[in-house]
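Okay, so here's the structure we're looking at.
The values are calculated or read from the model by the stated rules, or taken from the named source; none is laboratory data. Remember, it's a predicted structure, so these values are computed and weren't measured experimentally. FYI the Cβ positions are ideal-geometry reconstructions off the backbone, even for glycines, and counts take in every protein chain you see.
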Amino acid sequence: MLPCKLESESLTEYLLGTLEDSDKQLVAQHLATGCETCQTTLAQLRETLALIAYSVPLASPAPALKSQLMAQITAKPVIVPLPLPTVSFWQKSWVKNSLRIAASLLVLTGLGTQATYLWKYRQLVNQQAEVIDKLTAQVDQKEHIISSMSTSRKLVVLEGNLIKASGRAFWDTDQNTWLFHIEKLPPAPKGKTYQVWFITETEAVSGGVFQTDARGSAKVPLKAPIKNEPIVGTAISLEPEGGSQKPQGAVYLSASM
Ligand SMILES: [Zn+2]
């Protein structure tokens, strides 16, 4: 029997299903002649491809390529009368090896590229999910602020008088409730407390006492004492523990309406 003249690339491509129809027919015709070397090589290539296919779990080949591969891998070998065994070009080990390598490279390049795309795609999806989470949290926060502002008809901004403290107060004029957010107001010294005052044209009425935390922050909900006179301002002063009847200490924050 003459040495087989089929080129290695043709056989590999035949197995991968990437041959042109005319070439595919030629290879099929050749295989139908019962070339034992080609049958042996095909069997080896199928093994190699199957191993590679199963050893790349992350990769998700394109459906067309996958079905081609699976069809080739699971295809029943053509049953032909066995010719006499001969040592041929195809059985030399270096040819086998280069065939294996060629097949591996073909498959790995394809699957590897797809695995990379898949990985990048997953990364992108994860990044987008993070961004969406952050935006959702921001929207929630803003909606919360807006809703608290819409029930509180007025936002009162308090300015620091002695130090760079700051404060905001949401004033619900219907309920006459106040929610103070105080920032950067250092904790009161021992024996002292901060006191909120509601100021009318004629007097300052205590709203209550509070302390700030170590960061100088406090959230103080208060109900303003019911008065006939309208409230024209608010102030926060430092007073003796328990609070004062009338403001005596230094005023740290104030606002006028
Ligand atoms: Zn052959």
Which condition number does ASP21 fail, the rest of (1) within 16 Å of the ligand (Cβ to nearest atom); (2) modelled with pLDDT of 80 or more being met? (1)
Looking at segment 215-233, which of the residues that are within 44 Å of the chain's Cα centre (by Cα) and crowded, with 17+ Cβ neighbours inside 10 Å is nearest to LYS164 (Cα to Cα)? ALA218
Has segment 179-192 got any residue that is touching a Lys or Arg at 6+ places or on another chain (Cβ under 8 Å), outside any strand (DSSP E or B), touching a residue at least 12 places away in the same chain (Cβ under 8 Å) and basic (Lys, Arg)? yes
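Every residue, every condition in (1) on the phi < 0 side of the Ramachandran plot; (2) surrounded by 14 or more Cβ atoms within 10 Å (Cβ to Cβ); (3) in contact with a Pro (Cβ under 6 Å, 6 or more places away or on another chain), yes or no:
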{"position": "TYR194", "(1), (2), (3)": "yes, yes, no"}
{"position": "TRP197", "(1), (2), (3)": "yes, yes, yes"}
{"position": "PHE210", "(1), (2), (3)": "yes, yes, no"}
{"position": "ASP213", "(1), (2), (3)": "yes, no, no"}
{"position": "ALA235", "(1), (2), (3)": "yes, yes, no"}
Please go through (1) of a type outside the set (D, E, K, R); (2) in a strand (DSSP E or B); (3) crowded, with 19+ Cβ neighbours inside 10 Å for SER206 and return the number of the only condition it doesn't satisfy. (3)
At least 3 residues that are closer than 17 Å to LYS190 by Cα in each: list the strands (runs of 3 or more DSSP E) lying fully within segment 217-257 that qualify. 233-240
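Quick one: in segment 1-25, of everything that is touching a Ser or Thr at 6+ places or on another chain (Cβ under 8 Å) and part of a helix (DSSP H, G or I), which residue is surrounded by the fewest Cβ atoms within 10 Å (Cβ to Cβ)? Before you say what the answer is, go through the steps one by one.
Our first condition is that a residue be touching a Ser or Thr at 6+ places or on another chain (Cβ under 8 Å); within segment 1-25, this holds for 1, 3-4, 8, 11, 19, 23.
Okay, now just the ones that are also part of a helix (DSSP H, G or I), so 8, 11, 23.
Numbers: SER8: 17, LEU11: 24, ASP23: 14.
Restricting to residues being touching a Ser or Thr at 6+ places or on another chain (Cβ under 8 Å) and part of a helix (DSSP H, G or I), the top hit is ASP23.
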